[in-house]
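See structure below.
The values are calculated or read from the model by the stated rules, or taken from the named source; none is laboratory data. Quick caveat: nothing in here was measured; it's all calculated off a predicted structure. Cβ placement follows ideal geometry from the backbone for every residue including glycine, while neighbour counts extend to all protein chains displayed.
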Ligand SMILES: Cc1cc2nc3c(=O)[nH]c(=O)nc-3n(C[C@H](O)[C@H](O)[C@H](O)COP(=O)(O)OP(=O)(O)OC[C@H]3O[C@@H](n4cnc5c(N)ncnc54)[C@H](O)[C@@H]3O)c2cc1C
């Protein structure tokens, strides 16, 4: 574990924002974090934790310490006739985990195939796609707390998962070191999503391939069009509020318990933002929810564009959009 200075992180964030870390450390074991605590946290040096940078907006200069878990271990820790428990280092790439599960016939995560990022970041925003959320499979999350100098574990309940949210969104000064998942040993496809309902899929591998194919058609590839996936959460509003906002009747929506989940993409597209661009920042031509960097742009350009979209949606529909990625 060594400290590197003035490290260029432009290739470590999927928006390809030019960014440099004054101090940069990769660690493999949570025990190493104790010395980082002494040398940085207790010296009041700001610590930023990153995974694969696919859901973060990086500043031009990180003046503190950027910390990344480079551990790649996936370990089977318990197996019964029907289930298996695996412990996954937070540095494991999510797509590699999906492939590992398919190869080993561990089932449940198929609908989450194709989501970029690291395993350690997955519980933070409770990643979800095609009718499935990671919270359905998380048994435990292990993290190091800088303030208390100890490794702690949260059970699924303690993680307080909800739509694109968890307790980790509200916490500060922690590093997730691993996640424990409980998966199934027999495959039952989850086809409860409008894009999958007519599918006749016999194997988990077929479902994973199908999801990856659908995603590659819908979501611009960050390698060609730098982006962080969906930029806004779909707002959830009460039926009472929905009835009051008449202009919402032309917007796509889904029933969400007694409330409505409004399509943020549909709100943005209704105002003609799809394909728009200001100072190299714009909305993808393919997807109204994906903000893309079309050239050289900065943290500030993204922030200004984001503010503008949120302000206009608020003025038009009286709905507050919530940003999904984190501004680091
Ligand atoms: C093309 C594209 C498609 C996407 N599709 C989806 C989708 O379908 N569903 C979905 O839910 N998301 C989606 N996303 C968002 C993204 O993939 C997820 O949020 C993913 O979990 C981010 O992982 P990451 O390692 O890149 O996180 P980062 O961007 O590195 O970090 C995200 C946040 O987590 C914190 N963090 C990261 N690792 C740790 C750690 N070990 N300990 C403590 N804090 C940490 C960071 O400080 C930051 O606040 C998409 C993104 C892209 C670019």
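Data table
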read-out	value
Residue 142 away from the ligand (no atom under 15 Å from the Cβ), outside the structural domain of residue 46 (by TED's automatic domain parsing), under 20 Å from the mean Cα position of the chain (by Cα) and farther than 21 Å from residue 213 by Cα	no
Test: residue in the range 159-180 that is surrounded by fewer than 17 Cβ atoms within 10 Å (Cβ to Cβ) and assigned to a helix (DSSP H, G or I)	yes
Residue selected from the range 101-128 under the condition more than 9 Å from the ligand (Cβ to nearest atom) and assigned to a helix (DSSP H, G or I), by the criterion farthest from residue 73 (Cα to Cα)	111
The range 207-218 - residue that is surrounded by fewer than 20 Cβ atoms within 10 Å (Cβ to Cβ) and within 12 Å of the ligand (Cβ to nearest atom) and, of those, farthest from residue 104 (Cα to Cα)	218
Among residues of the range 211-265, those that are part of a helix (DSSP H, G or I) and closer than 16 Å to residue 315 by Cα, counted	7
Residues satisfying the stated conditions in the range 227-240, i.e. touching a residue at least 24 places away in the same chain (Cβ under 8 Å) and either farther than 28 Å from residue 117 by Cβ or touching a helix residue (DSSP H, G or I) at 6+ places or on another chain (Cβ under 6 Å) (or both)	232, 234, 237
Hits in the range 143-158 (condition: closer than 29 Å to residue 45 by Cα and touching a strand residue (DSSP E or B) at 6+ places or on another chain (Cβ under 6 Å))	143, 144, 145, 151, 152, 153, 154
Failed item in (1) within 14 Å of the ligand (Cβ to nearest atom); (2) in the same structural domain as residue 188 (by TED's automatic domain parsing), with residue 55 passing the rest	(2)
Subset of the range 143-158 [crowded, with 18+ Cβ neighbours inside 10 Å and assigned to a strand (DSSP E or B)]	143, 144, 154
Any hit, the range 78-91, residues being within 21 Å of the chain's Cα centre (by Cα), within 10 Å of the ligand (Cβ to nearest atom), within 18 Å of residue 140 (Cα to Cα) and not in a strand (DSSP E or B)	yes
Subset of the range 181-198 that is modelled with pLDDT under 90 and surrounded by fewer than 15 Cβ atoms within 10 Å (Cβ to Cβ) - its residue that is farthest from residue 149 (Cα to Cα)	198
Candidate set from the range 11-52 (those that are away from the ligand (no atom under 14 Å from the Cβ) and in a strand (DSSP E or B)); member that is surrounded by the fewest Cβ atoms within 10 Å (Cβ to Cβ)	22
Selection within the range 63-74 - closer than 22 Å to residue 302 by Cβ and either more than 11 Å from the ligand (Cβ to nearest atom) or surrounded by fewer than 16 Cβ atoms within 10 Å (Cβ to Cβ) (or both)	63, 64
Filter pass, residue 204 being more than 12 Å from the ligand (Cβ to nearest atom), surrounded by 14 or more Cβ atoms within 10 Å (Cβ to Cβ) and within 19 Å of the chain's Cα centre (by Cα)	no
